[in-house]
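This is the structure I have questions about; it appears just below.
The values are calculated or read from the model by the stated rules, or taken from the named source; none is laboratory data. This one's a predicted model, so the numbers in the text were calculated from it and none came from an experiment. A quick note on method: Cβ atoms are made from the backbone with ideal geometry, for glycine too, and the neighbour counts reach across all protein chains shown. Ligands, DNA and RNA are excluded from the accessible area calculation, which covers all protein heavy atoms including side chains. Shrake-Rupley method; radii C 1.70, N 1.55, O 1.52, S 1.80 Å.
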Amino acid sequence: MTSATTLLKAEQPLQPAMDTRALRNAMGHFATGVTVVTAPGEGNALVGITANSFSSLSLEPPLILWSLSLNSPSLAAFQEGQPFAVNVLCQGQEDLAMQFARASDDKFSGVEYHLNQRQVPLLAHTLAQFECEVAFTRCLGDHLLIVGRVQAFRCQEGEPMLFFKGQFKTLEAVPA
Ligand SMILES: Cc1cc2nc3c(=O)[nH]c(=O)nc-3n(C[C@H](O)[C@H](O)[C@H](O)COP(=O)(O)O)c2cc1C
């Protein structure tokens with residue numbers, strides 16, 4: 001049963017999806033976790049992008065998806081067959097999330113990680129990790145939809161980092 005304190009006020013009127021800023025604001029009402037997607041870049045460069053568009057897609061076969069802005073300088077790293085990893089961040093890794101959300105020539109400065117066999121950087125101390133290969137991409141609107149086939153994964157106990165209405169949040173258990 002819903003407690004009185006969680007009931008919301010009267011619904012707002014529907015508005016057409018033309019005001020991009022208002023739509024972005026509305027999208028922010030969907031709480032998500034936070035990931036850093038990593039991949040080998042050109043030459044010895046490494047790619048790392050904070051992304052909350054990550055979602056599970058299929059168990060058989062094991063597929064995940066996320067989307068990358070078409071403005072990203074890292075687009076070339078996500079062509080079919082190329083390896084990448086999704087690093088699910090835990091509470092306390094907010095600075096890391098911000099480091100990978102800012103354009104920089106050296107996003108990995110000071111970051112703890114190791115390279116897997118396919119030269120994908122795997123960040124240390126994450127809640128979960130999914131090692132993937134790009135299975136499918138499609139430009140849709142202003143983003144590239146990237147579907148990854150999961151090849152290996154790990155996860156561990158810990159508290160997640162959440163993102164809601166433009167702010168990092170922590171998880172609070174519902175009282176029994
Ligand atoms: C919490 C959070 C979630 C984000 N999610 C995405 C996302 O899903 N896709 C995306 O393209 N950018 C996302 N961004 C923005 C990118 O992290 C940011 O533009 C970053 O600089 C991209 O790296 P690049 O400059 O190498 O492309 C997110 C930023 C934050 C803070």
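What residues qualify as long-range amide H neighbours of K169, i.e. H under 5 Å apart, gap of 5 or more or another chain, H built at 1.01 Å from N?
Amide H neighbours of K169, under 5 Å, 5+ apart: L162, F163, F164.
Accessible area per residue, 1.4 Å probe, Å², for region 31-165: what's the number?
That works out to 55 Å² per residue.
Of the residues D142, D106, D19, which exhibits the maximal mean-square fluctuation in a Gaussian network model of the chain defined by a 10 Å Cα contact cut-off?
D19
Mind putting a number on the dipole of the chain about its Cα centre? Charges go on the C-beta only, +1 for Lys and Arg and -1 for Asp and Glu, and I need it in Debye to the nearest 20.
Its charge dipole is roughly 340 debye.
Could you tell me what percent of the accessible area of the chain is made up of carbon and sulfur, with a 1.4 Å probe and every protein chain present?
C and S fraction of accessible area: 54 percent.
Provide the three semi-axes, in whole Å and in decreasing order, of the ellipsoid equivalent to region 31-165 as defined by the square roots of 5 times the Cα gyration tensor eigenvalues.
19, 18, 16
Let me test this: with uniform point scatterers at the alpha carbons of region 96-144, what is the Debye-based log₁₀ I(q)/I(0) at q = 0.17, 0.19, 0.33 1/Å?
Calculated log10 I(q)/I(0) at the listed q: -0.75, -0.90, -1.18.
Also, quick follow-up: With springs connecting C-alpha atoms under 10 Å apart, model the chain as a Gaussian network and identify which of T20, T137, T126 has the largest mean-square fluctuation.
Most flexible of the set in this elastic network: T20.
Between Q119, Q79, Q12, where does the largest GNM mean-square fluctuation fall for the chain, given springs only between Cα atoms within less than 10 Å?
Q12
Do any chymotrypsin sites (Phe, Trp or Tyr not before Pro) in region 1-93 lie in a loop, going by DSSP, with at most 10 other beta-carbon atoms within 10 Å of their beta carbon, and if so which?
Counting only loop positions with at most 10 other Cβ atoms within 10 Å, the chymotrypsin sites (Phe, Trp or Tyr not before Pro) in region 1-93 are F30.
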